[in-house]
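Student: Got a structure for you, written out below as structure tokens; questions coming shortly.
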Amino acid sequence: MPDDNYPQSVVEVLDADMRFRRGVLAAMRSFQKSRPWSGSIEKRKEKSIRLHQALSAIYGIAEPKLVFGLIDGSSSGTSYYRPSTHEIVVQGRLSVVTYLHEFSHARGIGERAACRWSINLFRRIFPREFARLTHRGHMLIRPEDL
């Protein structure tokens with residue numbers, strides 16, 4: 001199924017007019033105001049958990065278990081959603097885009113749509129941070145990580 005394929009680039013999924021379910025933007029703005037990249041790792045995890053709870057409620061899904069693996073500042077690319085246990089595992093870095101992508105999978109969304117939703121939502125709420133990132137295929141990467 002084509003929707004299960006990753007897009008070849010970030011640009012092909014960008015949509016400035018993309019609409020989100022009622023409450024998503026408010027939840028994300030609250031998350032933004034919490035300054036998700038500041039504070040200790042534990043405080044940052046708490047902020048992520050609050051967003052996770054809010055998005056689960058907004059989408060009316062059973063809250064996936066949110067597991068934090070080794071958070072060592074490395075790539076978040078090893079993060080994943082495991083359908084058999086309905087859990088999201090975040091590893092490497094506490095990446096907002098990666099979390100949103102994996103949350104999409106917990107909603108039953110395939111790869112292309114998960115990229116589209118997560119990238120556009122991140123860009124809408126964090127435009128300055130989005131502008132600083134480099135596009136590598138379908139991923140957004142910090143320039144210092146290249």
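The values are calculated or read from the model by the stated rules, or taken from the named source; none is laboratory data. Note that the structure is a prediction, hence the values are computed from the model and not measured. Heads up, the Cβs are rebuilt from the backbone with ideal geometry, glycines too, and the neighbour counts pull from every protein chain shown.
One line per residue, one yes/no per condition, for (1) in contact with an Asp or Glu (Cβ under 8 Å, 6 or more places away or on another chain); (2) over 23 Å from His135 (Cα atoms); (3) surrounded by fewer than 18 Cβ atoms within 10 Å (Cβ to Cβ); (4) of a type outside the set (Phe, Trp, Tyr):
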| site | (1), (2), (3), (4) |
| --- | --- |
| Val24 | no, yes, no, yes |
| Trp37 | no, no, yes, no |
| Pro64 | yes, yes, no, yes |
| Ser75 | yes, no, yes, yes |
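Student: Next question, about the same structure. Looking at Gln32 and the list (1) in contact with a helix residue (DSSP H, G or I) (Cβ under 7 Å, 6 or more places away or on another chain); (2) at pLDDT 95 or above; (3) under 19 Å from Val13 (Cβ atoms), which single condition is not satisfied?
Tutor: (3)
Student: Quick check: is even one residue across segment 41-55 loosely packed, with under 12 Cβ neighbours inside 10 Å, over 24 Å from Leu133 (Cβ atoms) and of a type in the set (S, T, N, Q)?
Tutor: No: segment 41-55 contains no residue that is loosely packed, with under 12 Cβ neighbours inside 10 Å, over 24 Å from Leu133 (Cβ atoms) and of a type in the set (S, T, N, Q).
Student: Same structure, new question: Would you call Gly77 farther than 17 Å from Val11 by Cβ and either modelled with pLDDT of 95 or more or in contact with a helix residue (DSSP H, G or I) (Cβ under 9 Å, 6 or more places away or on another chain) (or both)?
Tutor: Here the answer is yes, as Gly77 does meet what is asked.
Student: OK, next. State which residue is modelled with the lowest pLDDT when the search covers only segment 85-123 and only residues that are under 21 Å from Ile61 (Cβ atoms) and basic (Lys, Arg).
Tutor: Arg112
Student: Looking at (1) free of Cβ contacts under 8 Å to residues at least 24 places away in the same chain; (2) closer than 25 Å to Tyr6 by Cα, which is the one condition that is false for Gly60?
Tutor: (2)
Student: Does any residue in segment 125-146 that is touching a residue at least 12 places away in the same chain (Cβ under 8 Å) and part of a helix (DSSP H, G or I) come within less than 9 Å, Cβ to Cβ, of a residue that is small (Gly, Ala, Ser) and surrounded by 10 or more Cβ atoms within 10 Å (Cβ to Cβ) six or more places away or on a different chain, and which pairs are these?
Tutor: Asp145/Ser74; Asp145/Ser75
Student: When segment 126-146 is examined, which residues are found to be at pLDDT below 90, crowded, with 17+ Cβ neighbours inside 10 Å and not aliphatic (A, V, I, L, M)?
Tutor: Matches in segment 126-146: His138 only.
Student: Which strands (runs of 3 or more DSSP E) sit wholly inside segment 1-110 and have at least 1 residues that are in contact with a Ser or Thr (Cβ under 8 Å, 6 or more places away or on another chain), over 26 Å from Glu144 (Cβ atoms) and not charged (D, E, K, R)?
Tutor: Output list reads 65-71.
Student: Checking the condition within 20 Å of Ser9 (Cβ to Cβ) and small (Gly, Ala, Ser), which residue from Ala57, Ala106, Ala114, Ala62 passes?
Tutor: Ala114
Student: Count, please, the residues in segment 89-125 that happen to be surrounded by fewer than 21 Cβ atoms within 10 Å (Cβ to Cβ), more than 11 Å from Ser79 (Cβ to Cβ) and of a type in the set (Gly, Ala, Ser).
Tutor: 3
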